[in-house]
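Here is the structure we will look at, set down as structure tokens.
The values are calculated or read from the model by the stated rules, or taken from the named source; none is laboratory data. These numbers were taken from a predicted model, which means no experiment stands behind them. Counting neighbours? That spans all protein chains shown, and the Cβs are built from the backbone with ideal geometry, glycine included.
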Amino acid sequence: MNDATHEISEKKRWSKPTLTPHRIGSLNKFGSVSGGHYQDSFEGVPIASLLEEYGSPLFVLSEQRLRNNVRKLLRAFETRYGNVIYSWSYKTNYLAAVCSTLHQEGAWAEVVSAFEYEKARQLGMPAEKILFNGPHKERPILERVVAEGARIHIDHLDELYLLEDVAKAAGKQVDVTMRLNFDTGFTEPWSRFGFNIESGQALDAARILGDSKYLNLCGLHSHLGTFILDPRAYGVQVRIMCAFMDKVEVLTGCTIESIDIGGGFASMNSLQGTYLPPEQVVPSMDQYAETICTALNDATRERDLQGKGRPRLILESGRAVVDDAEILVSSVVANKRMPDGRRSVVIDAGVNLLFTGFWYNHQVTPTRQLEGVPEDTVLYGPLCMNIDIMRASVLLPPLNVSDSIIFSNVGAYNNTQWMQFIEYRPNVVMVHAGNQVSIVRTAEDLHVMTEQESVPAHLCSVEPQQGD
């Protein structure tokens, strides 16, 4: 073979040229997604076997993570303050299996509606271990709560007067907690709930309670907001509440037995618009506890000398306890290339299931090792709505139809805020010790979705009707 022939044989095969646009965000200081990163099991149970038995999409809960999380919370606070109660926030995830697991760990129930109160009672929670919060409590549920002895958190004056009338009719003096709102300088005040301190409204309400024959003010409550990343906000909250407690006790002669600081602790999720990853911005439970308990110990030290005793500290954290205890597994339906060149993937789970996808960039993990170059990818759900975007941008290698991916952490607010829209809601399962799996909520079907409907007789046929 001469040199000319050898040169021709070494030429590369021609391929069609392509243009790949450079996209801001594909590279960043934290690096790109590795094609080798995957998760093929959850709590020791293979994802493939879960999907084979229970279908896709699928929510999967971990009983042990729930138990570990609430134990960690209680340990962080009980080692720093002597009298602590944890009350599970039902609105965060009121699946019965979740609530019952936490109640077995000693959690009380914090509810914000008649429905949630009735569910807590149905699960066996004693009324005296239920905190009834929220702005909407009508007379029938107040009558039941008064009769059964749950603790009511008063939100506004109309509720105060209604509850006083209910207590009078029952011939009882009812212990109550008053909800407060105020500005800590760290968070946007949730001023629509409770009585404002700065305006004097809270002190006026306390005077009314102090004069009441049927209502006994014995607790204070406030909730700063949600996903609070600076523990110092809670230190200010505690000091403001304790100063108000001292003033109210002098003014009315009441004794405040509990300080309820609500919840709002962040989980290891990434808020949209946050530059740093959650590992660098989310405080640990010990950091929250240290700030809160130090402030409370300092503010109540003199009460021991006065013989009053320190108030009980009540926590209502939801997200930080349940978020990382649940994942959502979804399967690929289709691949598309968008007009602007981006890769997109359609999956079988949408924002009807993952409501928190509107404000989190949930971690997305393949369930097998993927080959190929990671690209900026849009993850779309199955809904016929343009807003059904599960991730607007995530670096992923190519995915095949029927491949599955995991969204985490999804335990908070998705099983309570999910919507029945276009698609049925899927199975929810829980993994127990020994890799045992139970269905804790069965997938919906047509019977479930039409059970509450009724059709007038003249509309029972789809045939055209004659005349009137």
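Does residue 200 satisfy being of a type outside the set (A, V, I, L, M, F, W, C), modelled with pLDDT of 95 or more, in the same structural domain as residue 285 (by TED's automatic domain parsing) and more than 25 Å from residue 308 (Cα to Cα)? Answer is yes for this residue.
Is it the case that some residue within the range 21-40 is at pLDDT 55 or above, assigned to a helix (DSSP H, G or I), over 30 Å from residue 264 (Cα atoms) and touching a strand residue (DSSP E or B) at 6+ places or on another chain (Cβ under 8 Å)? No: the range 21-40 contains no residue that is at pLDDT 55 or above, assigned to a helix (DSSP H, G or I), over 30 Å from residue 264 (Cα atoms) and touching a strand residue (DSSP E or B) at 6+ places or on another chain (Cβ under 8 Å). Apart from one condition, residue 394 fits all of (1) within 25 Å of residue 320 (Cα to Cα); (2) touching a helix residue (DSSP H, G or I) at 6+ places or on another chain (Cβ under 7 Å); the exception is (2). Here are some residues: 217, 224. Which one is buried (at least 17 other Cβ atoms within 10 Å of the Cβ) and in a loop (DSSP other than H, G, I, E, B)? 224 is the lone residue from the list that is buried (at least 17 other Cβ atoms within 10 Å of the Cβ) and in a loop (DSSP other than H, G, I, E, B).
Would you pick out the residues in the range 330-356 that are over 24 Å from the mean Cα position of the chain (by Cα) and either charged (D, E, K, R) or closer than 30 Å to residue 82 by Cα (or both)? 336, 337, 340, 342, 343, listed by residue number.
Take the residues in the range 356-397 that are among the aromatic types (Phe, Trp, Tyr) and surrounded by fewer than 19 Cβ atoms within 10 Å (Cβ to Cβ), then tell me which one is farthest from residue 274 (Cα to Cα). Per the criteria, the residue is 358. Annotation: of all residues in the range 118-142 being closer than 22 Å to residue 225 by Cα and not small (Gly, Ala, Ser), the one that is surrounded by the fewest Cβ atoms within 10 Å (Cβ to Cβ) is 136. If you filter the range 398-421 down to residues that are surrounded by fewer than 18 Cβ atoms within 10 Å (Cβ to Cβ) and touching an Asp or Glu at 6+ places or on another chain (Cβ under 9 Å), you find that the one that is farthest from residue 278 (Cα to Cα) is 420. Which residue out of 244, 227, 182 is under 30 Å from residue 168 (Cβ atoms) and not aliphatic (A, V, I, L, M)? From the options 244, 227, 182, the qualifying one is 244.
Taking the range 364-379 as the range and being in a strand (DSSP E or B), among the hydroxyl-bearing types (Ser, Thr, Tyr) and under 16 Å from residue 47 (Cα atoms) as the test, only 365 passes.
The listed residues are 248, 238, and the only one of them that is under 30 Å from residue 409 (Cα atoms), among the aliphatic types (A, V, I, L, M) and touching a helix residue (DSSP H, G or I) at 6+ places or on another chain (Cβ under 6 Å) turns out to be 238. Checking 176, 166 one by one, the residue that is buried (at least 20 other Cβ atoms within 10 Å of the Cβ) and outside any helix (DSSP H, G or I) is 176 and no other. Of all the listed residues (248, 236), the sole one being in contact with a strand residue (DSSP E or B) (Cβ under 8 Å, 6 or more places away or on another chain), assigned to a helix (DSSP H, G or I) and of a type in the set (A, V, I, L, M) is 248.
Could you tell me which residue of the range 43-52 is surrounded by the fewest Cβ atoms within 10 Å (Cβ to Cβ), considering only residues that are free of Cβ contacts under 8 Å to residues at least 40 places away in the same chain and in a helix (DSSP H, G or I)? That would be 52.
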